[in-house]
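This is the structure I want to talk about, given as structure tokens.
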Amino acid sequence: MTVYRLAIVGAGPYGTYALERLAATRPVRAAGRSLEIHVYERTGEPGGGQVHGAGQAPTSYLNRTAGELSFAADDSVEGAYPLLPAHARPTLHEWCRAEFAATADPRFAVAADDYPRRYLHGLGLRAAFDRYVALLRGTPGTVVHLHHAEVVDVAETNEGLRLSSTGDGDQVTVDNVLFVTGHSYHDPTRAPVGRVWASMAAQAGATFRPSAYPLVEQLGADVAGPGKTIGVAGTMLTGIDVILHLTEGRGGTFTQVDDGLRYEPSGREPARVVAFSESGLFAYTRADRVAPSKHAGVFLTTEAVDRLRARHGADLNGRRQLDYARHLFPLVVMEMAALYYATMLGPEIGARVQEAGRPAWEHFLDDPGASPDEATARLLATIAGTVDTLVAPVDRFSWQSTISPITADGSGSPDAYRSALAEVMAADIAAARRGIPADPAKTAADSVWRGLRPVIVYAVNDAGLTAESHRHFLSTWLRHHNRLAYGAAPEVMEKILAVIRHGLVDVGAGPRARLAADGGRLVVTGPATGYRQAIDVLVDARVHHFDAAADAAALYPNLLRRGLVRQWRNPSRTGDDFVPGGLDLTDDFHPVRDGGADRRLTFLGPSVEGRKFFQGGAMKPHANHHAMRNVMTWLNDFWADCEKATGG
């Protein structure tokens, strides 16, 4: 009997989702035929992998609630049939509740709207992974091999695709490969910024960590212990993880006081943690959702994108491309402003503001103008002017104060900036506690930058932006998106504020912070505040975009070298094509090669980023989530190829 052989490279969340769909569909697909599955996970933590595994630092939190995470397809996922029984596909909250009932372990006493520690997600993923492997192994004709190994190369042979791996994988030949390798980081020797930082650190005798994870290994007491000054480059979620690991993770404690939390050090922390970034700001606090809230776009819509593309798109090989700053950003801000006032003043005023804004919106679609700033100002003036005619003066919506809340006065010195940032963070935490839909600013940010993300995806995907605009979008606008929509929970940001107020975490560098080699030391400088501080350890706490050519792992550079994959390019009229780093793939995620697509190989997750946008993200229940839809796309092709190859 012909055996069809599948390799799944990566056993993190996407790999777990793929196994779930295989387990659910195997009894009705390729029945009577033999299937051999090889699953590779280099960390030895199948289910979660390195980033989502159960071995994460206990101080790291999820920024999504327990009720907003799942491991399996449900009846909201288009085409997902058959489904596993409900008891075999719990949400994270349901799984925690069952574990608590069985063990009385207080770690699992998690409510649906709690933000749990991240290792709990890893434990839940591992349990789901084991469940799906057991189901597959219990299906006649199915063999599953688990490899604690890292796949480093794939070669074409007469017998199929030969995978070479480190660890216990050796060499295995298969017919079909699903690559779900998840997040990685850039090899400093192959990334421009990394090369500079690594060189400066080496010259200064400082320790450089190009990736913060796993925290316990990368930032142990031997590297980042007492007496050391640690520079943390990045103030989003990874930077927050690092700070909590170096404070609470070293035995520091938090005490509730009148104005929030007070930090009590243990003495095992580093001497100082210097947190710095381009913005000088932390991610805004994730708002509590105190009531159901769903916003349908009024001005930022796919219809508006289509009209702008048809009337103003720059034609390139039959594709009419937009400029994000000129064509889309003014609509983002207009949508935020209208929702801000509707939340503040009520639905009746909100409806009148929306109606009054439509003529200006129509005019913008006909003529966006040459200056995005001028267009944005006109649209905002229309919204604010209408509000002024209807009610007494209110606090106006301001994009500038939203994204740059600290004025020049607050940047005059390191001390001034520390104080100003603490005030901004305290106000932001209070707004997040008021929640959605009660707080106007939080509701506008969340409902537009998160809720209407599909509109932005629709506009950006498949070279929807010019090469120059696409480059600027990923380097600038995406940072705004992440800061506004993907911050940490209020209880996490209260801890960050406490360690800043204590002084252990130093944010005095302010905006546009830079690294320099000075007097034989590695130094963080703040041009806006006049800050200078030597550091002993530099941690790159940014989330690196996927770049197959610069990846720290050997697999993707080897796939490029062999010609099995190539990087996607957004072409430019001037020849200055933009290469974001992701792979050139078909709509069903197969690599495009000379001569066509290779259906034997499928890539999901971060490696898709480039031609597509926002391909990562953990599964959310009852949401027809894109991660599971992508898995379904692979699954349908896989079963068709399996049945064809085995005579069905």
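The values are calculated or read from the model by the stated rules, or taken from the named source; none is laboratory data. Predicted model only: the values in this text are computed from it and were never measured. FYI the Cβ positions are ideal-geometry reconstructions off the backbone, even for glycines, and counts take in every protein chain you see. For accessibility, only protein heavy atoms count, side chains too; no ligands or nucleic acids. Shrake-Rupley method; radii C 1.70, N 1.55, O 1.52, S 1.80 Å.
Which condition number in (1) open to solvent by less than 30 Å² (accessible area, probe 1.4 Å); (2) free of Cβ contacts under 8 Å to residues at least 60 places away in the same chain is the one that PHE329 fails?
PHE329 satisfies every listed condition except (2).
Using beta carbons and a limit of 7 Å, which pairs, at least six apart or on different chains, have the first residue in segment 47-64 and farther than 23 Å from ALA283 by Cα and of a type in the set (A, V, I, L, M) and the second one at pLDDT 90 or above and open to solvent by 10 Å² or more (accessible area, probe 1.4 Å)?
Here the result reads ALA54/GLU45; ALA54/TYR119; ALA54/LEU123; ALA54/ARG126, each pair linking segment 47-64 to a residue that is at pLDDT 90 or above and open to solvent by 10 Å² or more (accessible area, probe 1.4 Å).
Residues ALA554, ALA528, ALA517, ALA550: which one is within 16 Å of VAL152 (Cα to Cα), surrounded by fewer than 23 Cβ atoms within 10 Å (Cβ to Cβ) and in contact with a helix residue (DSSP H, G or I) (Cβ under 6 Å, 6 or more places away or on another chain)?
Working: ALA554 fails: in contact with a helix residue (DSSP H, G or I) (Cβ under 6 Å, 6 or more places away or on another chain); ALA528 fails: within 16 Å of VAL152 (Cα to Cα); ALA517 fails: within 16 Å of VAL152 (Cα to Cα).
Sole residue among the options that is within 16 Å of VAL152 (Cα to Cα), surrounded by fewer than 23 Cβ atoms within 10 Å (Cβ to Cβ) and in contact with a helix residue (DSSP H, G or I) (Cβ under 6 Å, 6 or more places away or on another chain): ALA550.
Another one. Can you tell me how many residues in segment 76-88 are assigned to a loop (DSSP other than H, G, I, E, B), open to solvent by 60 Å² or more (accessible area, probe 1.4 Å) and either modelled with pLDDT of 95 or more or not charged (D, E, K, R) (or both)? Break it down stepwise before answering.
Residues of segment 76-88 assigned to a loop (DSSP other than H, G, I, E, B): 76-85.
Imposing the further condition that a residue be open to solvent by 60 Å² or more (accessible area, probe 1.4 Å) reduces the set to 78-79, 81, 85.
With either modelled with pLDDT of 95 or more or not charged (D, E, K, R) (or both) added as a condition, the list becomes 79, 81, 85.
Summing the residues that are assigned to a loop (DSSP other than H, G, I, E, B), open to solvent by 60 Å² or more (accessible area, probe 1.4 Å) and either modelled with pLDDT of 95 or more or not charged (D, E, K, R) (or both) in segment 76-88 gives 3.
Continuing with the same structure: Here's a check for you: in segment 266-301, which residue that is among the polar types (S, T, N, Q) and over 22 Å from ALA370 (Cα atoms) is least open to solvent (accessible area, probe 1.4 Å)?
Of all residues in segment 266-301, those among the polar types (S, T, N, Q) come to 266, 277, 279, 285, 293, 301.
Add one more test, that the residue is over 22 Å from ALA370 (Cα atoms), and what stays is 266, 277, 279, 285, 293.
On the way: SER266: 47, SER277: 21, SER279: 33, THR285: 5, SER293: 41 Å².
Result: THR285.
Quick one: which of VAL242, VAL274 is at pLDDT 95 or above and out of contact with any Ser or Thr (no Cβ under 7 Å at 6 or more places or on another chain)? Break it down into steps so the answer makes sense when it comes.
Details: VAL274 fails: out of contact with any Ser or Thr (no Cβ under 7 Å at 6 or more places or on another chain).
After ruling out the rest, the residue left standing is VAL242.
Another question about this same structure. Restricting to segment 235-257, give me the number of residues that are in a strand (DSSP E or B) and without any contact (Cβ under 8 Å) to a residue 60 or more places away in the chain. So that I can check it myself, show each step before the final result.
Kept after step one, since they are in a strand (DSSP E or B), are these residues of segment 235-257: 253-257.
With without any contact (Cβ under 8 Å) to a residue 60 or more places away in the chain added as a condition, the list becomes 253, 255-257.
Residues flagged as in a strand (DSSP E or B) and without any contact (Cβ under 8 Å) to a residue 60 or more places away in the chain within segment 235-257 amount to 4.
Could I ask something else about it? Using the structure shown, decide if TYR531 is within 26 Å of LEU215 (Cα to Cα), out of contact with any strand residue (DSSP E or B) (no Cβ under 6 Å at 6 or more places or on another chain) and at pLDDT 95 or above.
On the way: within 26 Å of LEU215 (Cα to Cα): no; out of contact with any strand residue (DSSP E or B) (no Cβ under 6 Å at 6 or more places or on another chain): yes; at pLDDT 95 or above: yes.
Considered against the rule, which asks whether it is within 26 Å of LEU215 (Cα to Cα), out of contact with any strand residue (DSSP E or B) (no Cβ under 6 Å at 6 or more places or on another chain) and at pLDDT 95 or above, TYR531 comes out as no.
OK, next. Pairs under 9 Å by beta carbon, first residue touching a residue at least 24 places away in the same chain (Cβ under 8 Å) and farther than 17 Å from ARG418 by Cβ in segment 258-282, partner of a type in the set (Ser, Thr, Tyr) and open to solvent by 60 Å² or more (accessible area, probe 1.4 Å), six or more apart or different chains?
PRO265/THR253
Still on this model: Might you let me know whether segment 416-438 holds any residue that is under 30 Å from ARG307 (Cα atoms) and crowded, with 16+ Cβ neighbours inside 10 Å? Break it down stepwise before answering.
Within segment 416-438, the subset under 30 Å from ARG307 (Cα atoms) is none.
Looking for residues that are under 30 Å from ARG307 (Cα atoms) and crowded, with 16+ Cβ neighbours inside 10 Å, one finds none in segment 416-438, hence no.
Give all pairs with beta carbons closer than 6 Å in which a residue from segment 108-123 that is outside any loop (DSSP other than H, G, I, E, B) meets a residue that is surrounded by fewer than 18 Cβ atoms within 10 Å (Cβ to Cβ) and among the small types (Gly, Ala, Ser); count only pairs at least 6 apart in sequence or on separate chains.
Pairs that qualify, where the first residue is outside any loop (DSSP other than H, G, I, E, B) and the partner is surrounded by fewer than 18 Cβ atoms within 10 Å (Cβ to Cβ) and among the small types (Gly, Ala, Ser), are TYR119/ALA54; GLY122/ALA54; LEU123/ALA54.
Mind counting the residues in segment 618-628 that are open to solvent by 20 Å² or more (accessible area, probe 1.4 Å), in contact with a Ser or Thr (Cβ under 7 Å, 6 or more places away or on another chain) and not hydrophobic (A, V, I, L, M, F, W, C)?
Residues flagged as open to solvent by 20 Å² or more (accessible area, probe 1.4 Å), in contact with a Ser or Thr (Cβ under 7 Å, 6 or more places away or on another chain) and not hydrophobic (A, V, I, L, M, F, W, C) within segment 618-628 amount to 3.
Between residues in segment 184-204 that are touching a residue at least 12 places away in the same chain (Cβ under 8 Å) and among the charged types (D, E, K, R) and residues that are assigned to a helix (DSSP H, G or I) and surrounded by 14 or more Cβ atoms within 10 Å (Cβ to Cβ), which pairs lie under 9 Å by C-beta distance while being six or more apart or on different chains?
ASP187/GLY194; ASP187/PRO557; ARG190/PRO557
Another one. Are there any pairs with C-beta distances below 6 angstrom linking a residue in segment 629-648 that is over 19 Å from GLY15 (Cα atoms) and open to solvent by less than 20 Å² (accessible area, probe 1.4 Å) to a residue that is modelled with pLDDT of 95 or more and in a helix (DSSP H, G or I), with the two at least 6 apart or on different chains, and if so which?
Close Cβ pairs (under 6 Å, with a partner that is modelled with pLDDT of 95 or more and in a helix (DSSP H, G or I)) do not exist here.
Another question about this same structure. Filtering segment 565-617 down to residues that are part of a loop (DSSP other than H, G, I, E, B) and on the phi > 0 side of the Ramachandran plot, which residue is surrounded by the most Cβ atoms within 10 Å (Cβ to Cβ)? Before you say what the answer is, go through the steps one by one.
In the first step, residues of segment 565-617 are kept if they are part of a loop (DSSP other than H, G, I, E, B); the result is 565-566, 568-569, 571-577, 579-582, 584, 586-590, 594-595, 598-600, 604-605, 610-611, 613-617.
Narrowing the set further to residues that are on the phi > 0 side of the Ramachandran plot leaves 575, 581, 589, 595, 605, 610, 614, 617.
On the way: GLY575: 7, GLY581: 21, PHE589: 24, GLY595: 6, GLY605: 23, GLY610: 28, PHE614: 16, GLY617: 14.
Filtering segment 565-617 for residues that are part of a loop (DSSP other than H, G, I, E, B) and on the phi > 0 side of the Ramachandran plot, the one surrounded by the most Cβ atoms within 10 Å (Cβ to Cβ) comes out as GLY610.
Going by the conditions given, is LEU478 closer than 30 Å to ASP587 by Cα, surrounded by fewer than 18 Cβ atoms within 10 Å (Cβ to Cβ) and either touching a Cys at 6+ places or on another chain (Cβ under 8 Å) or not small (Gly, Ala, Ser) (or both)?
Numbers: closer than 30 Å to ASP587 by Cα: yes; surrounded by fewer than 18 Cβ atoms within 10 Å (Cβ to Cβ): yes; either touching a Cys at 6+ places or on another chain (Cβ under 8 Å) or not small (Gly, Ala, Ser) (or both): yes.
For LEU478, the condition - closer than 30 Å to ASP587 by Cα, surrounded by fewer than 18 Cβ atoms within 10 Å (Cβ to Cβ) and either touching a Cys at 6+ places or on another chain (Cβ under 8 Å) or not small (Gly, Ala, Ser) (or both) - is met.
Sort out which residues of segment 544-554 are out of contact with any His (no Cβ under 7 Å at 6 or more places or on another chain) and aliphatic (A, V, I, L, M), and write them in order of number.
ALA548, ALA549, ALA553, ALA554, listed by residue number.
For segment 124-149, what are the residues that are in contact with a strand residue (DSSP E or B) (Cβ under 6 Å, 6 or more places away or on another chain) and either open to solvent by 30 Å² or more (accessible area, probe 1.4 Å) or part of a helix (DSSP H, G or I) (or both)? So that I can check it myself, show each step before the final result.
Pass one, segment 124-149, residues in contact with a strand residue (DSSP E or B) (Cβ under 6 Å, 6 or more places away or on another chain): 133, 136-137, 141-147, 149.
VAL133, LEU136, ARG137, GLY141, VAL143, HIS145, LEU146, listed by residue number.
Out of ALA351, ALA338, ALA356, which single residue is buried (at least 21 other Cβ atoms within 10 Å of the Cβ) and within 18 Å of LEU300 (Cβ to Cβ)? Steps first, answer last, please.
On the way: ALA351 fails: buried (at least 21 other Cβ atoms within 10 Å of the Cβ); ALA356 fails: buried (at least 21 other Cβ atoms within 10 Å of the Cβ).
Checking each option against the conditions leaves just ALA338.
Looking only at segment 165-202, filter to residues that are assigned to a strand (DSSP E or B) and buried (at least 18 other Cβ atoms within 10 Å of the Cβ); which one of those is nearest to the chain's Cα centre (by Cα)?
Filtering segment 165-202 down to residues assigned to a strand (DSSP E or B) leaves 165, 171-174, 176-179, 186.
Those still in the list that are buried (at least 18 other Cβ atoms within 10 Å of the Cβ) too: 165, 172, 174, 176-179, 186.
Working: SER165: 28, VAL172: 32, VAL174: 31, ASN176: 28, VAL177: 25, LEU178: 21, PHE179: 18, HIS186: 16 Å.
Here the residue is HIS186.
Let me ask something else about it. Within the bounds of segment 412-430, is there any residue that is of a type outside the set (Lys, Arg), in contact (Cβ under 8 Å) with a residue 24 or more places away in the chain and not in a helix (DSSP H, G or I)?
Filtering segment 412-430 for residues of a type outside the set (Lys, Arg) gives 412-417, 419-430.
After this cut, where a residue has to be in contact (Cβ under 8 Å) with a residue 24 or more places away in the chain as well, the list is 412-417, 421-422, 424-426, 428-429.
Restricting the remaining residues to those that are not in a helix (DSSP H, G or I) gives 412-413.
Looking through segment 412-430, at least one residue is of a type outside the set (Lys, Arg), in contact (Cβ under 8 Å) with a residue 24 or more places away in the chain and not in a helix (DSSP H, G or I).
Now, a different point. Among (1) over 27 Å from the mean Cα position of the chain (by Cα); (2) outside any loop (DSSP other than H, G, I, E, B); (3) aliphatic (A, V, I, L, M), there is one condition ALA528 misses while meeting the rest; what is its number?
(2)
Sticking with this one: Could you grab me the full set of residues in segment 608-623 that are of a type in the set (Gly, Ala, Ser) and over 19 Å from ASP577 (Cβ atoms)? Lay out the reasoning, then the answer.
To start, the set of residues in segment 608-623 that are of a type in the set (Gly, Ala, Ser) comprises 610, 616-618, 623.
Within segment 608-623, GLY616, GLY617, ALA618, ALA623 qualify.
Let me ask another. Got a number for residues in segment 50-75 being in contact with a Pro (Cβ under 9 Å, 6 or more places away or on another chain), under 14 Å from MET619 (Cβ atoms) and buried (at least 22 other Cβ atoms within 10 Å of the Cβ)?
Result for segment 50-75: 7.
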